[in-house]
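Here is the structure we will look at.
The values are calculated or read from the model by the stated rules, or taken from the named source; none is laboratory data. These numbers were taken from a predicted model, which means no experiment stands behind them. For neighbour counting, all protein chains shown are included, and Cβ atoms are generated from backbone atoms with ideal geometry for every residue, glycine included. Note: areas computed on protein heavy atoms with side chains; ligands, DNA, RNA excluded. Shrake-Rupley method; radii C 1.70, N 1.55, O 1.52, S 1.80 Å.
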Amino acid sequence: MVLAAGPNWLGSPQHFAAGAVLALAVTLVAVRWKAPWWLAAIVAVGITCAAEIALKLAEYLYVNVTNGTIAAGAYYDSLVDNTTTLVGALLGAALGVVVAGRLRRRSAG
């Protein structure tokens, strides 16, 4: 029963993919603007997670205004979506740092 009521960690692949793509793009833009790789990665993960939190807040408000009730699974849904976005953002930022480094070496040599 507890497992059935818990979060479905594999039920939101779109949040993982969107987090990875957004963080990759932000990392590449930040590196292009001459930010150090570590700062570009931090900014990318921060922007991606802030976007996810804003999305979940808007979704929460919309659902409560239209339905007038709080869904029983809203907490777990938000937890899973925020976590999968964070994991995707970490992967996307890491990939962005690698790609930016290769592009920088290619243009320098």
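Ordered from highest to lowest accessible area with the whole protein assembly present and a 1.4 Å probe, 52, 59 read as 59, 52.
Taking θ as phi - 60° and the Karplus parameters 6.51, -1.76 and 1.60, the scalar couplings of the range 52-57 work out to 5, 5, 4, 4, 5, 5 Hz in sequence order, x denoting glycine and proline.
Note on the chain: with a GNM built from Cα contacts shorter than 10 Å, the maximum mean-square fluctuation among 27, 83, 66 falls on 66. The value of relative contact order for the chain, using C-alpha pairs under 8 Å at least six residues apart, is 48 percent.
Solvent exposure of the chain amounts to 68 Å² per residue of accessible area, where only protein heavy atoms count and the probe is 1.4 Å. Only alpha carbons enter this Debye calculation for the chain, each as an equal point scatterer, and the log10 of I(q)/I(0) it gives at q = 0.22 Å⁻¹ is -1.05. A straight chain from residue 50 to residue 33 at 0.36 nm per residue would run longer than the Cα-Cα distance by 4.0 nm. Extension gain for residue 106 to residue 76 (0.36 nm times residue separation, less C-alpha to C-alpha distance): 6.3 nm. Please list, by residue number, every one of the chymotrypsin sites (Phe, Trp or Tyr not before Pro) in the range 7-109 that is coil in DSSP and has at most 10 other beta-carbon atoms within 10 Å. Loop-located and lightly packed - 33. Accessible surface comparison of 12, 78, probe 1.4 Å, protein chains only, largest first: the order is 78, 12.
Subtracting the Cα-Cα distance of residue 14 and residue 42 from their residue separation scaled by 0.36 nm leaves 7.9 nm.
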